[in-house]
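Below: one structure, written as structure tokens.
The values are calculated or read from the model by the stated rules, or taken from the named source; none is laboratory data. As the structure is a prediction and not an experimental result, all values here were calculated from the model. Reconstructed Cβ throughout: ideal geometry from the backbone, glycine too, with neighbour counts over all protein chains shown.
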Ligand SMILES: Nc1ncnc2c1ncn2[C@@H]1O[C@H](COP(=O)(O)OP(=O)(O)O)[C@@H](O)[C@H]1O
Ligand SMILES: [Mg+2]
């Protein structure tokens with residue numbers, strides 16, 4: 001499973017596809033030269049003169065995009081045509097020659113319809129395909145610039161365009177339109193300190209992700225069973241035990257980019273918009289082989305509420321959509337939750353790997369303490385990590401926060417991090433959590 005398709009594959013695929021498109025454009029231009037009689041409007045769906053879907057099969061990004069979105073042959077051709085002017089401007093000009101409207105360049109809906117269909121029935125189908133209910137626009141793969149209907153220019157979504165051209169995808173920030181952001185971390189799996197049982201399970205999860213392609217694709221499990229192509233994992237345990245950190249580290253370990261879904265951005269009034277935004281995230285994750293992380297997933301994967309008002313009903317509808325997409329997602333999905341009991345029982349059955357992150361015991365706390373200060377930090381000789389670990393039952397997140405606080409205290413007085421400063425910082429953690437400091 002490779003996150004990035006290598007550049008040569010992308011270029012070779014694109015070249016073949018562009019030549020194929022060029023053939024279709026030339027054919028349509030010839031048909032136009034034949035005049036109105038050269039293009040009889042047959043009432044049956046005949047041979048529309050477009051390449052079959054099998055022509056797009058391969059290992060490149062275009063094939064991945066078409067496969068993930070489950071496009072039909074005419075849809076695939078429209079997608080390719082929308083991307084083509086980014087490869088060669090002459091396509092924009094050639095598209096203009098396929099219409100009698102003056103001043104048109106680029107792929108308008110009208111031109112797209114002419115490209116994919118020559119029969120009457122085919123052109124009717126093309127109208128549906130180009131409407132906002134068609135797969136291309138519903139999933140946000142194409143957007144219409146300017147006038148809606150057949151006059152607007154069809155453009156590929158920027159991330160899709162970059163992916164197919166083999167370029168780095170544009171930086172992604174959270175918007176209502178794309179409620180996810182890249183999950184980056186400085187941590188690797190060796191930084192994660194957990195009890196033996198948890199680390200055994202994490203190793204198993206890593207192996208499962210690495211072997212996913214062999215079992216689901218090469219051995220045919222994906223085609224033989226529903227929902228067998230992806231891996232759904234749940235990390236559960238108290239706050240601050242390293243669940244989010246580990247989700248990012250696992251993705252890094254298997255060499256895949258990770259996206260974290262912003263669940264708060266999902267609470268949108270516009271139900272249709274939310275589904276469309278989620279579809280974008282899932283589609284992009286599938287074609288770019290991203291790990292999808294639903295942090296603090298209780299909110300949506302929790303026991304569903306009784307419908308009491310219209311808003312709840314919308315919320316439930318969104319949740320159903322989300323569950324369906326998670327279950328059928330061909331990639332890796334990691335959920336985190338502070339309480340296993342919060343996760344819907346029915347949904348728990350779909351989770352292949354459940355990993356508990358318990359509050360760290362004395363031994364784990366000492367290991368976390370020992371790894372918490374960067375090597376360049378000045379540390380005085382009196383610091384006794386074993387004593388700190390023994391005395392204070394903190395979580396990993398609290399230990400990290402205490403270490404950062406102690407470092408600032410030390411820097412402010414131009415001193416090294418001492419045992420006393422660490423104890424002072426730990427006391428503040430207790431105060432923050434509203435707990436009393438053990439004597
Ligand atoms: N088990 C752990 N091992 C090492 N560091 C940890 C651990 N748990 C937490 N930390 C530290 O605390 C930070 C916050 O933890 P986080 O992953 O947000 O916990 P959670 O998601 O369980 O609430 C981590 O980035 C890391 O620096
Ligand atoms: Mg977290």
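If I go through the range 230-269 residue by residue, how many of them are in a helix (DSSP H, G or I) and either modelled with pLDDT of 90 or more or within 16 Å of ligand 2 (Cβ to nearest atom) (or both)?
Of the residues in that region, 13 qualify.
From the list 233, 168, exactly one residue is exposed (fewer than 15 other Cβ atoms within 10 Å of the Cβ) and touching a helix residue (DSSP H, G or I) at 6+ places or on another chain (Cβ under 8 Å). Which is it?
168
Does the range 191-205 contain any residue that is crowded, with 17+ Cβ neighbours inside 10 Å, more than 26 Å from residue 68 (Cα to Cα) and more than 16 Å from ligand 2 (Cβ to nearest atom)?
Checked against the condition, which is being crowded, with 17+ Cβ neighbours inside 10 Å, more than 26 Å from residue 68 (Cα to Cα) and more than 16 Å from ligand 2 (Cβ to nearest atom), the range 191-205 yields at least one hit.
Would you mind telling me which numbered condition in (1) at pLDDT 85 or above; (2) in contact with a helix residue (DSSP H, G or I) (Cβ under 6 Å, 6 or more places away or on another chain) residue 290 fails?
Result: residue 290 passes all but (2).
Anything in the range 343-360 that is in contact with a strand residue (DSSP E or B) (Cβ under 8 Å, 6 or more places away or on another chain) and either modelled with pLDDT under 95 or not in a loop (DSSP other than H, G, I, E, B) (or both)? List them, or say none.
Scanning the range 343-360 gives 343, 344, 348, 350, 351, 352, 353, 354, 355, 356.
Kindly evaluate residue 126 against the criterion of being within 34 Å of the chain's Cα centre (by Cα) and part of a helix (DSSP H, G or I).
Spelling it out, residue 126 is indeed within 34 Å of the chain's Cα centre (by Cα) and part of a helix (DSSP H, G or I).
Could you check, for the range 329-342, whether at least one of its residues is in a strand (DSSP E or B) and away from ligand 1 (no atom under 15 Å from the Cβ)?
So far as the range 329-342 goes, yes, one or more of its residues are in a strand (DSSP E or B) and away from ligand 1 (no atom under 15 Å from the Cβ).
Can you tell me which residues in the range 371-398 are assigned to a loop (DSSP other than H, G, I, E, B) and under 11 Å from residue 417 (Cα atoms)?
Within the range 371-398, 373, 377, 378, 380, 381, 382, 383 qualify.
Against the conditions (1) under 18 Å from residue 239 (Cβ atoms); (2) assigned to a helix (DSSP H, G or I); (3) away from ligand 1 (no atom under 11 Å from the Cβ), where does residue 363 fall short? Just the number, please.
Result: residue 363 fails condition (1) only.
Within the range 133-149, identify whether any single residue is without any contact (Cβ under 8 Å) to a residue 24 or more places away in the chain, surrounded by fewer than 21 Cβ atoms within 10 Å (Cβ to Cβ), more than 16 Å from ligand 1 (Cβ to nearest atom) and at positive phi, and answer yes or no.
Yes, some residue in the range 133-149 is without any contact (Cβ under 8 Å) to a residue 24 or more places away in the chain, surrounded by fewer than 21 Cβ atoms within 10 Å (Cβ to Cβ), more than 16 Å from ligand 1 (Cβ to nearest atom) and at positive phi.
If I ask for residues that are outside any helix (DSSP H, G or I) and farther than 22 Å from residue 298 by Cα, which ones from the range 218-229 would you list?
At the first step, the residues of the range 218-229 found to be outside any helix (DSSP H, G or I) are 219-220, 225-229.
Once the filter is applied, which keeps residues that are outside any helix (DSSP H, G or I) and farther than 22 Å from residue 298 by Cα, the range 218-229 yields 219, 220, 225, 226, 228, 229.
Would you please list the contacts, defined by Cβ atoms under 8 Å and residues six or more apart or on different chains, that run from a residue in the range 190-215 that is more than 19 Å from residue 359 (Cα to Cα) to a residue that is in a helix (DSSP H, G or I) and within 11 Å of ligand 1 (Cβ to nearest atom)?
206/189
Residue 361 - would you say it is in contact (Cβ under 8 Å) with a residue 60 or more places away in the chain, closer than 27 Å to residue 198 by Cβ and under 31 Å from the mean Cα position of the chain (by Cα)?
no
Looking at the structure I just gave you, is residue 410 in contact with a strand residue (DSSP E or B) (Cβ under 7 Å, 6 or more places away or on another chain) and modelled with pLDDT of 95 or more?
So residue 410 fits the description; yes.
Test residue 215 against the stated conditions and say whether it is part of a helix (DSSP H, G or I) and either out of contact with any strand residue (DSSP E or B) (no Cβ under 8 Å at 6 or more places or on another chain) or within 16 Å of ligand 2 (Cβ to nearest atom) (or both).
yes
Can you name every residue in the range 372-392 that is exposed (fewer than 15 other Cβ atoms within 10 Å of the Cβ) and touching a residue at least 40 places away in the same chain (Cβ under 8 Å)?
377
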